[in-house]
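The values are calculated or read from the model by the stated rules, or taken from the named source; none is laboratory data. In this text the structure is predicted, and so the values were computed from the model without any measurement. Cβ placement follows ideal geometry from the backbone for every residue including glycine, while neighbour counts extend to all protein chains displayed. Areas reflect the complete protein model, heavy atoms only, side chains present, ligands, DNA and RNA absent. Shrake-Rupley method; radii C 1.70, N 1.55, O 1.52, S 1.80 Å.
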Amino acid sequence: MIKIRQFFAISALAVSVISVTATFSSVKAQQQKTEEQKVQLMFVHTADDIKTDNKTIRLVNVNPQTLYFADRPVRLAGHVTTPEYMKEWTASAGSDNFTNDPPNATLSVYEKGQPQNSLVVIEISNPVIDGKDIVYNYKVIEGTMPKTGGQSALFIDWIGAGGGVGPGFHGVGVGTRGVGVYGGYGGPLR
């Protein structure tokens, strides 16, 4: 009789282990499916002009709407108010916010008399809205920062790990910035 009870106890334990393993596998499969649906958002500021010094860039008369876009796994584009975009730089955006992990950006500047736009890759930080301008600190990664210019666009690297912005987008993610989940607007950006 003792052997039968031990057999049932061992069998019950084995069923529990199998059940937990099956549940874990199901959760892992759902996580993989979610990861396949992640969107990498990039932002764009457009401005009438720029002014720079050795550590700051001023986007002069910047568009009051910040554009965002993604092309994989879904094509997604839109815009939000620039103050709404600025929330990505605050603790309310979560631990993986732009302040904690400053993004890279490519600045494209029309310079009068030049045959092509000037391009420079920078890391941006510490944004401040100053009237109709946005001022960032920057570090040059590649290229030469022009001192002035005309029409400009700043293409800001992707966000994620729970990031997202605007109607139709909210996010959860894993790892570093750059992933989000396409879905309904979920309130806060992160």
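Of note:
- Residue count, segment 109-153 (criterion: outside any loop (DSSP other than H, G, I, E, B) and within 26 Å of the chain's Cα centre (by Cα)): 26
- Scan of segment 72-91 for residues that are over 17 Å from Asp133 (Cα atoms), assigned to a helix (DSSP H, G or I) and touching a residue at least 60 places away in the same chain (Cβ under 8 Å), ordered by number: Glu88
Every residue, every condition in (1) on the phi < 0 side of the Ramachandran plot; (2) among the hydrophobic types (A, V, I, L, M, F, W, C); (3) open to solvent by 50 Å² or more (accessible area, probe 1.4 Å), yes or no:
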site: His79; (1), (2), (3): yes, no, yes
site: Asn100; (1), (2), (3): yes, no, yes
site: Val109; (1), (2), (3): yes, yes, no
site: Gln116; (1), (2), (3): yes, no, yes
site: Val121; (1), (2), (3): yes, yes, no
site: Ile124; (1), (2), (3): yes, yes, no
site: Pro127; (1), (2), (3): yes, no, no
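- Selection of segment 40-77 for residues being open to solvent by 30 Å² or more (accessible area, probe 1.4 Å), among the aliphatic types (A, V, I, L, M) and farther than 24 Å from Gly149 by Cα yields Val74, Ala77.
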